[in-house]
Each structure stands twice: as C-alpha cells, then as structure tokens.
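Down below is the structure, laid out as structure tokens.
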Amino acid sequence: MGPPLVNPGALAVRLYQASPQDRERVIEKMPLGQQVRIRKQLEYYDNLPPGQKAIMLQRVQRFDALTPQKRREFAQHLRAMNELPQDRRQAVARALRRLGVMPEAQRVIILNSDAFKNEFSPEEQKIISGLSEVMVPDGQ
C-alpha cells in the first residue's frame, strides 16, 4: 500500500517542502486548534520514509498542474469520498492506495475488471477514477 491519501491542496501539504522557519511563520498566524492539526500533519509527513514523501510530493505537483475546472472536480470527488459511510470510504481509500503502487497497465486492468465493478458502486468507481488522476503516480 502506498502512503496515506491526503488532499494535495491542503495547507499542511503546501508546507511539506517549506523550511521549519517558514512553516512556523505560517502556522503561528492560525487559530490554536488549526496550529495543532497542521503541526501533527507535518510531523507525520516528516517521519515518512523518503519514497512515500516523494509520492506525496508528486501528488502535489499533479494537483498543481490541473486546470481550475479539474481542481474543482477533484475537490468534488474528495468531498464525495468523505461523505461515504466509513466502511465504504475506507474501501475506496484502500483501493486508491493499492492502485498507487501498481504499474499503469495493471491499474487499467483492475479498473476495467468485473471484480472491481462488482466491489464498487458506480458512484464509488467514479470517485476512484476521479481521484486517481492525482493520487496515483503517472507512467509507473
């Protein structure tokens, strides 16, 4: 399984590559609760193995390369995933993480398989397909 799924447009993600001083300058301007959440997310990222950090940074780059329309669609898919019941949200997240470590040819086979179509509803398939544009590596 690949690294956790994190919204590549989130503020904490935007701070991944910032220096500790730059991170702190941004964080100190936030309300206390948000500061705690952001610091926790940054600590988690900082403790990831280099390969998983690289995947997360690639996601940010792919997100940044999207057109404004595609970013809105991505956000809609992310909201739709978060609105799924917890068991289905976890199943979709697991599928995205599994797809993220597969070569592209294998991902295409999985996404078009009857097993995939039987495991996920049409809405869930649309979410996985929409999020995979950013969440799974290109050309792997």
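The values are calculated or read from the model by the stated rules, or taken from the named source; none is laboratory data. Predicted, not measured: the structure shown is a model, and the values here were computed from it. Positions of Cβ are backbone-derived with ideal geometry, glycine not excepted, and every protein chain shown enters the neighbour counts.
Exactly one residue out of LEU99, LEU78 is in the same structural domain as ASN118 (by TED's automatic domain parsing) and touching a residue at least 60 places away in the same chain (Cβ under 8 Å), and it is LEU78. The lone criterion from (1) free of Cβ contacts under 8 Å to residues at least 40 places away in the same chain; (2) over 15 Å from the mean Cα position of the chain (by Cα) left unmet by LYS126 is number (1). Selection of segment 48-101 for residues being of a type in the set (S, T, N, Q) and modelled with pLDDT of 90 or more yields THR67, GLN69, GLN76, ASN82, GLN86, GLN90.
Residue pairs whose Cβ atoms lie under 7 Å apart, sitting 6 or more positions apart in sequence or on different chains, and linking a residue in segment 51-69 that is more than 18 Å from GLY130 (Cβ to Cβ) to a partner that is part of a helix (DSSP H, G or I), are LYS53/TYR45; MET56/TYR45. The set of residues in segment 47-59 that are surrounded by 11 or more Cβ atoms within 10 Å (Cβ to Cβ) and over 19 Å from MET102 (Cα atoms) contains only LEU48.
No other residue among ASN82, ASN118 is more than 18 Å from the chain's Cα centre (by Cα) and assigned to a helix (DSSP H, G or I) apart from ASN118.
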